[in-house]
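Read the figures in this text as sums done on the coordinates, not as results from a lab. Computed from a predicted model, the values in this text were never measured in an experiment. Heads up, the Cβs are rebuilt from the backbone with ideal geometry, glycines too, and the neighbour counts pull from every protein chain shown.
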Amino acid sequence: MITANSDSHINWTEGGFDFWPGEYSKTYVHAPKNPASIIAAMRAGRIFVTTGDLVSELEILLGTGADARPIEFGSTINAGNGEPLHLTIRFRDPDG
């Protein structure tokens, strides 16, 4: 599992070179806002990480042929041997 974190000691606003936890790098978890669901989603791989607030939302569509549909992070899709897959990744730029 990958997560973004911070080892903040002295924040840049106080003359240091660090960021507060969550100020620059963030871990997004696709889960209801309760501790048990968040931990379960992290274990299942339903997360993505960013740095510098470049992305605030991420969606993955995957399928065979024109049958691409949204899938949860960490999920599995069945496809026949040699069967082509269609992958689309959509993301949101929070400034755009």
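Here are a few things to note about the model shown:
- Amide N proximity, the range 39-58 versus Ile2 label position 7 Å along Cα-to-Cβ, cut-off under 16 Å: 42-58
- Label reach from Trp12 (point 7 Å along Cα→C-beta): in the range 18-55, amide nitrogens under 12 Å belong to 18-20, 23-25, 52-53.
- For the chain, relative contact order (Cα pairs under 8 Å, six or more residues apart, normalised by length) works out to 22 percent.
- The structure-derived value of P(r) over Cα pairs in 10 Å bins from 0, in percent appears in the list [x] 14, 33, 31, 15, 5, 1; [y] 12, 22, 29, 22, 12, 2, 1; [z] 15, 50, 33, 3 under the label [x].
- Dipole orientation for the range 12-77: of the candidates Phe48, Trp20, Asn34, Asn34 has the Cα lying most toward the positive pole (charges on Cβ; Lys, Arg +1; Asp, Glu -1).
- Taken about its Cα centre, the chain carries a charge dipole of roughly 400 debye when the Cβ of each Lys and Arg holds +1 and the Cβ of each Asp and Glu holds -1.
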